[in-house]
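Working notes, beginning with the structure itself.
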Amino acid sequence: MPTEIKGLNEECGVFGVFDAANASQLTYYGLHTLQHRGQEGAGIVSTDGTELYQHRDRGLLAKVFADPAELKRLKGNAAIGHVRYGTSGHNSIANVQPFLFHFHDGAVALAHNGNLTNAVTLRRELENEGAVFQSDSDTEILIHLIRKYINEGFIPALKKSLNLVHGGFAYLLLQKDRLIAALDPNGIRPLCIGRLENGAYVVASETCALDIISAQFVRDVLPGELIVIDKNGLHIDHYTTQTQLAICSMEYIYFARPDSIIHGVTVHNARKRMGKLLAKEHPVDADMVIGVPNSSLSAASGYAEESGLPYEMGLIKSQYVARTFIQPTQELRELGVQMKLSAVRGVVKGKRVVVVDDSIVRGTTSKQIVQMLKRAGAKEVHMLISSPPFKFPCFYGIDVSTRSELMAAHYSIEEMRQLIGADSLNFLSIDSLIKAINVPDAGDAPNGGLTVAYFDGKYPTPLYDYEKGYLKSLSEQERLAGKG
């Protein structure tokens with residue numbers, strides 16, 4: 001498990017298409033639109049109905065496929081692709097997906113977005129039974145489980161395996177004659193289905209990847225579903241009916257693109273409502289509202305609209321700094337923030353400024369933003385966060401599986417305010433977050449069909465391998481709080 005949080009790092013993005021000419025080219029476009037979900041590595045596996053072809057490497061998609069010949073080599077009318085942010089395993093070529101496995105009874109490719117909470121235990125059991133792992137990614141576990149039960153047939157083996165892995169997962173599997181998609185029983189990770197004009201089906205992490213190739217949205221993949229797409233069309237099956245919707249609320253707060261629609265909710269609209277409710281909960285006597293580019297702009301516009309304050313461009317983001325800027329020391333980390341963002345002196349000088357941001361993880365960025373605005377002459381800087389305090393780790397696919405550097409886990413809001421140097425600091429309540437997102441098909445699911453465990457510590461699944469370390473961190477914190 002990581003011991004240091006670099007900020008909120010993206011998840012991964014998956015994309016698949018079946019029965020379309022230039023499948024690998026379409027997959028490239030789809031992945032390009034999902035690049036915000038991961039910049040560490042990218043890959044595509046295609047099939048022409050006989051063979052499976054693979055190309056993958058570390059880095060951004062454009063770098064991985066800088067040579068057009070690599071994409072041309074991926075022949076066939078079906079493909080799956082993946083952009084990676086490593087939540088499990090190290091950043092080596094062995095961990096870049098999709099994985100491709102060759103067996104005597106046929107090859108299979110696999111791409112995964114999410115994180116398994118019982119991966120360590122399963123891996124140990126499989127290794128003890130003779131499985132040899134090629135990577136240290138938890139994704140590979142599924143294929144070893146399938147092989148364990150393969151005598152029952154591929155789909156029965158897959159169903160059995162999906163009931164043994166726990167946590168948050170969206171899987172895409174490609175065989176020479178079909179594409180398979182599966183979603184965890186809580187639907188923590190997003191996955192949707194689209195259709196091209198010629199009838200070909202597409203599966204993607206977000207609807208923005210359907211839009212880029214002019215695919216019509218068909219439906220979301222639902223918790224516990226197993227979708228099989230072959231020459232006869234789309235077949236909806238289930239590997240479990242023990243399901244309860246608990247979509248990751250961070251998708252709406254931070255990860256997804258504003259133009260994506262997840263379970264009927266447009267992400268931009270949800271963020272705008274977060275900003276409006278934030279203005280109702282925490283009005284501020286100020287001159288203007290500014291958003292932290294890019295994920296907080298929707299919430300900032302909502303805050304400005306509700307409060308009646310002018311919405312200004314007080315912070316500019318450089319378009320040429322990679323999101324994966326490596327910051328090994330605090331000094332470089334602070335310089336990294338300054339390389340990414342700069343204050344607009346002529347806008348903020350002498351003004352009382354409301355800054356809307358989507359979250360505070362370790363507080364480094366927030367502190368830098370406050371200092372930057374004050375150096376540019378801002379009279380007051382009020383930080384307003386369009387989500388609740390991030391107090392608890394995520395075990396489902398965000399690289400925040402430890403509490404050690406979660407600022408809100410260790411300090412009160414007033415202490416956080418002092419540390420970042422803001423004139424005031426306030427957060428959106430959990431109730432308002434749920435109300436802002438307002439998932440229409442949540443039914444009677446708790447928390448409006450959302451996972452809000454990062455804010456209240458109530459996880460929708462057992463934590464398995466993570467539980468011991470998590471409970472230890474809680475008791476350690478209580479002990480330190482008692483001393484204080």
*Scanning for something under 20 Å from ASN115 (Cα atoms) and buried (at least 19 other Cβ atoms within 10 Å of the Cβ), does the stretch 369-392 turn up at least one residue?*
yes
Just one listed residue, out of ILE180, ILE227, is buried (at least 24 other Cβ atoms within 10 Å of the Cβ), of a type in the set (A, V, I, L, M, F, W, C) and free of Cβ contacts under 8 Å to residues at least 60 places away in the same chain, and it is ILE180
* Could we say that GLY106 is under 26 Å from GLN35 (Cβ atoms) and among the small types (Gly, Ala, Ser) here? -> no
For the stretch 294-323, pairs from a residue that is in contact (Cβ under 8 Å) with a residue 12 or more places away in the chain to a residue that is surrounded by fewer than 14 Cβ atoms within 10 Å (Cβ to Cβ) and part of a loop (DSSP other than H, G, I, E, B), with Cβ under 8 Å and 6 or more apart or across chains, are ALA304/PRO310; LYS317/ASN294
*Tell me, yes or no, whether the stretch 140-159 has at least one residue that is under 24 Å from the mean Cα position of the chain (by Cα), in a loop (DSSP other than H, G, I, E, B) and under 20 Å from TYR396 (Cα atoms).*
no
Per the filter on the stretch 308-363, residues surrounded by 16 or more Cβ atoms within 10 Å (Cβ to Cβ), modelled with pLDDT under 85 and aliphatic (A, V, I, L, M) are VAL337
- Has the stretch 141-159 got at least one residue that is buried (at least 16 other Cβ atoms within 10 Å of the Cβ), within 26 Å of SER249 (Cα to Cα), in the same structural domain as GLY81 (by TED's automatic domain parsing) and not aromatic (Phe, Trp, Tyr)? yes
Okay, helices (runs of 4 or more DSSP H) sitting entirely in the stretch 380-484 with 3 or more residues that are out of contact with any Cys (no Cβ under 8 Å at 6 or more places or on another chain), I get 407-410, 413-420, 430-437, 467-483
Exactly one of ARG257, ARG271 is within 21 Å of the chain's Cα centre (by Cα) and either closer than 30 Å to ILE155 by Cα or outside any helix (DSSP H, G or I) (or both), and that one is ARG257
Restricting attention to the stretch 179-218, the residues that are at positive phi and within 22 Å of the chain's Cα centre (by Cα) number exactly 1
Counting only residues that are closer than 18 Å to ALA157 by Cα and out of contact with any Asp or Glu (no Cβ under 9 Å at 6 or more places or on another chain), the stretch 230-239 contains a total of 1
Within the stretch 387-421, the residues that are among the aliphatic types (A, V, I, L, M) and either touching a Lys or Arg at 6+ places or on another chain (Cβ under 9 Å) or closer than 24 Å to PRO190 by Cβ (or both) are ILE398, VAL400, LEU406, MET407, ALA408, ALA409, LEU419, ILE420
Over the stretch 22-49, the set of residues in a loop (DSSP other than H, G, I, E, B) and farther than 21 Å from PRO190 by Cα is ASN22, ASP48, GLY49
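The values are calculated or read from the model by the stated rules, or taken from the named source; none is laboratory data. Since the structure is predicted, the reported quantities are computational estimates derived from the model, not experimental observations. So basically every Cβ, Gly included, is an ideal-geometry build from the backbone, and we count neighbours across all protein chains shown.
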